[in-house]
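Colleague: There's a structure below that I have some questions on.
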Amino acid sequence: NAIEKLGKTLSEEIPKIVEQVFVITHERKLAGMGFGKTYLLERDKEKNEPTRVELVQYTA
């Protein structure tokens, strides 16, 4: 699956090249793969609310 391949690349190959990577995605499965820190950004556009930022903790 493409998401799993991307997750593996982000966790195993990219750190060999660069120190830090930002991934912005709507794919929640990618966020839960356990590499690095994952932040959830949410807001209600209809209410014109500010964006809420939450550090997501995944446990194996």
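Colleague: Out of (1) in a helix (DSSP H, G or I); (2) of a type in the set (A, V, I, L, M, F, W, C); (3) more than 12 Å from the chain's Cα centre (by Cα), what's the single condition that is false for V53?
Modeller: Failing condition for V53: (1).
Colleague: List every residue pair whose Cβ atoms lie under 9 Å apart, where the two residues are 6 or more positions apart in sequence or sit on different chains, the first residue falls within region 22-44 and is farther than 15 Å from A2 by Cα and of a type in the set (D, E, K, R), and the second residue, located anywhere, is surrounded by 14 or more Cβ atoms within 10 Å (Cβ to Cβ) and at pLDDT below 80.
Modeller: Once the first residue is farther than 15 Å from A2 by Cα and of a type in the set (D, E, K, R) and sits in region 22-44, no partner that is surrounded by 14 or more Cβ atoms within 10 Å (Cβ to Cβ) and at pLDDT below 80 comes close enough.
Colleague: Any idea how many residues of region 2-50 are of a type in the set (S, T, N, Q), part of a loop (DSSP other than H, G, I, E, B) and either surrounded by 10 or more Cβ atoms within 10 Å (Cβ to Cβ) or within 13 Å of the chain's Cα centre (by Cα) (or both)?
Modeller: Total meeting the criteria: 2.
The values are calculated or read from the model by the stated rules, or taken from the named source; none is laboratory data. In this text, all values refer to a predicted model and were calculated from it rather than measured experimentally. With ideal geometry, Cβ positions are generated from the backbone for all residues, glycine too; neighbour counts draw on all protein chains shown.
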